[in-house]
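First the structure, in the form of structure tokens, and then the observations on it.
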Amino acid sequence: MAGYCVKSAIVGVEHSAGGMHITHIASGTILVIADTDRESGMIETVYEGRNISVFLQDLRERAERVD
């Protein structure tokens, strides 16, 4: 597992029974994701108790890894 501190707000996608919803993730938020060696695409995380997908590119550009 890897933690990332969001430096500037990013957008995620919440998948729910009612469909997909855009979620704004505020700066200062810590996101924990499974380590991945993928180069692009989306990855699952938990934000405020909800399963959210975020773009790996957003994490690389707008967040920094924390241990």
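Any read-out appearing in this document is the output of simple, stated calculations on the displayed coordinates, not a laboratory observation. These numbers come from a predicted model, not from an experiment. When we count neighbours, we look across all protein chains shown, and the Cβ atoms used for this are built from the backbone with ideal geometry, even at glycine.
Suppose each label sits 7 Å from its Cα in the direction of the beta carbon; what would the C5-R65 distance come out to in nanometres?
Computed distance between label sites C5 and R65 equals 1.6 nm.
At 222 nm, what helix-only mean residue ellipticity would the chain give, in deg cm²/dmol to the nearest 500, using -39500 (n - 2.57) for each DSSP H run of four or more? Don't skip to the answer; put the middle values down first.
Working: 1 runs with 7 residues, N = 67.
Counting only the DSSP helices, I get -2500 deg cm²/dmol.
Any idea what % of Cα-Cα pairs in the chain are farther than 17 Å? Don't jump to the answer; show the numbers that get you there.
Details: 731 of 2211 pairs.
Counting every Cα pair in the chain, those more than 17 Å apart make up 33 percent.
Run the numbers for E14 and A26: contour at 0.36 nm per residue of separation, minus the present Cα-Cα distance, in nm. Don't skip to the answer; put the middle values down first.
Values: separation 12, 0.36 × 12 = 4.32 nm, distance 1.49 nm.
Working it through step by step, the gained length comes to 2.8 nm.
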